[in-house]
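**Student:** Structure provided below as structure tokens; questions to follow.
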Amino acid sequence: MSAAAPPGAFLIAVDGPAASGKGTIAERLARLYGYPHLDSGLLYRAVGVTLREAGGDLDDPEAAAAVARALRAERLNDPALRSREAGEAASRVAVHAAVRAALLDFQRAFAAQAPGAVIDGRDIGTVIAPWAPAKLFVTAAPEVRAERRWRQLEGQGESVAYADVLADIRKRDERDSGREASPMTQAPDAVLLDTSEMTIEQAADAARRIVEAARGRWASGH
């Protein structure tokens, strides 16, 4: 499928690093507008977890790409994809250009739905759907994101030290930003939303106002 703008599709692209709040914001926007929501990170988590379960090597691009090509949407409902290990596995397989290429059409087809959709990830507004009328880049200080992820993992029953979570966050930021294939970066026309000092309600409201402004511009052009 082409990356050109589909007629009648209003995509909200929410990019940003791990634990920035982008997923929660994307979910709230999807409920607000009645749009389907895709957490694109789950695609890479599913590839990593499936490959690991099969005894494969996460650093083998061909093995990872084969799993990505065979991936089915039902796999995204597995609670195991929310674990810390799944996040690490996702970051490792996401560096492979072949994996990203295998998942490209899945994401673009989702993005092209009318009347609209919401996708959060790291390259939605830059690679998957650069045509998206509404683009947000959600971020927060690494220490803030590490505390959020630490509390989330503790709530899931995973015992882990905050320092280890912070180290993971920093490592994933470096890997995601430095990879050759679709590195994480803010699109030139994306609105930056720093949630470091915000509650989720404040962040969601700020995101809503950004999207409303984009909807106004989009409507005037149609």
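The values are calculated or read from the model by the stated rules, or taken from the named source; none is laboratory data. Since this is a predicted model, take the numbers as computed values, not measurements. When we count neighbours, we look across all protein chains shown, and the Cβ atoms used for this are built from the backbone with ideal geometry, even at glycine. SASA here: full protein model, heavy atoms, side chains in, ligands and nucleic acids out. Shrake-Rupley method; radii C 1.70, N 1.55, O 1.52, S 1.80 Å.
**Student:** Evaluate the distance, in nm, between pseudo-label points positioned 7 Å from the Cα of GLU197 and of ALA5 along their respective Cα→Cβ axes.
**Tutor:** If labels sit at GLU197 and ALA5, their model points lie 3.5 nm apart.
**Student:** Give, in whole angstrom and from largest to smallest, the semi-axes √(5λ) of the equivalent ellipsoid of region 56-107, with λ running over the eigenvalues of the Cα gyration tensor.
**Tutor:** On the way: eigenvalues 56, 43, 17 Å².
So the three semi-axes of region 56-107 are 17, 15, 9 Å.
**Student:** Positive end of the charge dipole of region 12-165 (Lys, Arg +1 and Asp, Glu -1 on Cβ, about the Cα centre): tell me which of VAL49, PRO17, GLY157 has its Cα farthest that way.
**Tutor:** Sorting the options by dipole projection puts first PRO17.
**Student:** For the chain, with all protein chains present and a 1.4 Å probe, just round the carbon and sulfur fraction of the accessible area to a whole percent.
**Tutor:** Accessible surface attributable to carbon and sulfur in the chain totals 53 percent.
**Student:** Residue-wise, which Karplus ³J(HN,Hα) couplings in Hz belong to region 56-72, taking 6.51 cos²θ - 1.76 cosθ + 1.60, θ = phi - 60°, and x for glycine or proline?
**Tutor:** Rounded to whole hertz, the list is x, 9, 5, 8, 9, x, 6, 5, 5, 5, 5, 5, 4, 5, 8, 5, 10.
**Student:** Using the Cα centre of region 77-126 as the reference point, and only Cβ charges (+1 on K/R, -1 on D/E), how large is the resulting charge dipole? Debye, rounded to the nearest 20.
**Tutor:** Working: 6 positive and 6 negative charges, 15 e Å.
Charge dipole of region 77-126: 80 debye, to the nearest 20.
**Student:** In nm, what is the difference between 0.36 nm times the number of residues separating ALA213 and ASP78 and their Cα-Cα distance?
**Tutor:** 45.1 nm
**Student:** What are the residues whose amide H is under 5 Å from the amide H of VAL191, where those residues sit 5 or more places off or on another chain and H is modelled from the backbone?
**Tutor:** Answer set, sorted by chain and number: LYS135, LEU136, PHE137.
**Student:** Still on this structure: Below 12 angstrom from the Cβ of LEU32, what's the summed charge of the other residues (Lys, Arg +1; Asp, Glu -1)? Walk me through the numbers before you get to the answer.
**Tutor:** Numbers: positive: ARG28, ARG31, ARG208, ARG209, ARG215; negative: GLU27, ASP205, GLU212.
After counting each charged neighbour, the total is +2.
**Student:** Run the numbers on the chain and let me know its relative contact order in percent, using alpha-carbon pairs under 8 Å that are six or more apart.
**Tutor:** 33
**Student:** Can you list the HN-Hα couplings for region 114-120, worked out from phi with the Karplus curve (6.51, -1.76, 1.60; θ = phi - 60°), rounded to whole Hz and with x for Gly and Pro?
**Tutor:** Values, residue by residue: 9, x, x, 7, 10, 10, 10 Hz.
**Student:** Which value does Rg/Rh take for the chain over its C-alpha atoms, Rh per Kirkwood?
**Tutor:** Working: Rg = 16.8 Å, Rh = 17.6 Å.
Reported Rg/Rh (Cα atoms, Kirkwood Rh): 0.95.
**Student:** Moving on. May I ask you to list the chymotrypsin sites (Phe, Trp or Tyr not before Pro) in region 33-110 that are in a DSSP loop and have at most 14 other Cβ atoms within 10 Å of their Cβ? Please list the in-between numbers first.
**Tutor:** Numbers: sites: TYR33, TYR44, PHE106, PHE110; in loops: none.
Listed in order of number, the matching sites amount to none.
**Student:** Taking H as built 1.01 Å from N, whose amide H comes closer than 5 Å to the amide H of ALA141, not counting residues under 5 places away?
**Tutor:** SER196
**Student:** Size of the dipole of region 119-222 about the Cα centre, Lys and Arg at +1 and Asp and Glu at -1 on the beta carbon, nothing else charged, in debye to 20?
**Tutor:** 320
**Student:** With N set to the number of residues, divide the alpha-carbon radius of gyration of region 142-188 by 2.2 N^0.38 Å and report two decimals.
**Tutor:** 1.34
**Student:** If you don't mind, there's one more thing I want to ask. Tell me the per residue accessible area of the chain using a 1.4 Å probe; a whole number in Å² is fine.
**Tutor:** Per residue, the chain has an accessible area of 45 Å².
**Student:** If you don't mind, another one. Show the residues, 5+ positions off or on another chain, whose built amide H is closer than 5 Å to the amide H of ILE12.
**Tutor:** Those qualifying (amide H under 5 Å, at least 5 residues apart or on another chain) are ALA117, VAL118, ILE119.
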